[in-house]
1. Looking at the range 161-194, which of its residues are over 24 Å from residue 27 (Cβ atoms) and not in a loop (DSSP other than H, G, I, E, B)?
2. Go over the candidates 211, 206 one by one and state the one that is modelled with pLDDT under 90 and either outside any helix (DSSP H, G or I) or under 18 Å from the mean Cα position of the chain (by Cα) (or both).
3. Can you spot a residue in the range 170-190 that is farther than 23 Å from residue 64 by Cα and at pLDDT below 90?
4. Among the residues of the range 92-107, what is the count of those that are assigned to a helix (DSSP H, G or I), free of Cβ contacts under 8 Å to residues at least 60 places away in the same chain and either surrounded by fewer than 17 Cβ atoms within 10 Å (Cβ to Cβ) or in contact with a strand residue (DSSP E or B) (Cβ under 6 Å, 6 or more places away or on another chain) (or both)?
5. Output yes when any residue across the range 84-94 is at pLDDT 80 or above and within 17 Å of the chain's Cα centre (by Cα), and no when none is.
6. Criterion first (crowded, with 17+ Cβ neighbours inside 10 Å, under 26 Å from residue 181 (Cα atoms) and modelled with pLDDT under 85) does residue 34 satisfy it?
7. Please specify each residue of the range 138-165 satisfying the condition of being in contact with a helix residue (DSSP H, G or I) (Cβ under 7 Å, 6 or more places away or on another chain), within 23 Å of residue 44 (Cα to Cα) and crowded, with 19+ Cβ neighbours inside 10 Å.
8. For the range 126-156: of the residues being in a loop (DSSP other than H, G, I, E, B) and within 11 Å of the chain's Cα centre (by Cα), which is farthest from residue 62 (Cα to Cα)?
């Protein structure tokens with residue numbers, strides 16, 4: 001048979017797929033955590049435009065369509081260089097490792113396709129839809145519960161800033177296995193840390209005028225799309241105190 005000539009077995013295919021998904025999830029977790037560590041400030045800043053300007057802790061988490069944070073920066077399908085460069089290095093490392101281990105070429109090809117496809121599915125497609133309204137998974141009974149839970153954990157990731165200005169929870173996207181393993185999983189919103197938020201904004205020199213110019217639109221239109229940022233710090237503090245109070249009093253299943 002054709003498969004026999006290729007020395008391909010069903011068990012081998014399944015094992016390759018599972019191993020590759022696990023490696024991709026682990027690499028995605030580590031890379032996401034790295035982008036929030038300030039080890040590489042230039043890469044971190046690109047990612048934090050998404051976190052602090054487009055879908056920041058003081059902004060709504062969802063809009064009618066996904067707002068790209070890579071305008072006028074090199075990107076592929078809304079994926080910025082802060083993700084692309086490390087991912088390319090990881091792929092090359094995995095390819096070299098499989099060659100050294102004498103993995104069959106057909107398994108190497110299957111593994112590389114999975115290592116490339118899984119992050120695109122999870123960290124690009126699914127992630128972007130977590131920030132849009134009326135995503136189709138919310139209307140499919142078999143997927144609705146899982147998606148809403150994953151989306152809620154990602155919202156917590158966006159809202160949680162520690163005193164040093166770093167987001168330190170929920171680095172997964174659809175699955176949070178490694179957050180559990182490394183104790184970075186947070187299931188509930190915590191009190192908003194305004195000092196940490198200001199610290200991050202100052203560290204990376206983030207300002208709304210930058211994103212307005214990147215979008216090439218008026219400030220009025222920008223505010224209409226993703227919410228006004230012109231309220232005072234005191235108003236924002238008051239708003240988040242109210243939000244935290246409401247969250248603590250709401251039933252868990254109603255907070256998505």
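1. The answer is 194, and nothing else.
2. 206
3. So far as the range 170-190 goes, yes, one or more of its residues are farther than 23 Å from residue 64 by Cα and at pLDDT below 90.
4. The total comes to 8.
5. Yes.
6. On the way: crowded, with 17+ Cβ neighbours inside 10 Å: yes; under 26 Å from residue 181 (Cα atoms): yes; modelled with pLDDT under 85: no.
When the stated conditions are applied, residue 34 does not pass them.
7. Passing the criteria: 158, 161, 165.
8. The selected residue is 130.
The values are calculated or read from the model by the stated rules, or taken from the named source; none is laboratory data. Bear in mind that the values here come from a model prediction, so they are computed numbers and not experimental data. Glycine also receives a Cβ, built like all others from the backbone with ideal geometry; neighbour counts cover every protein chain displayed.
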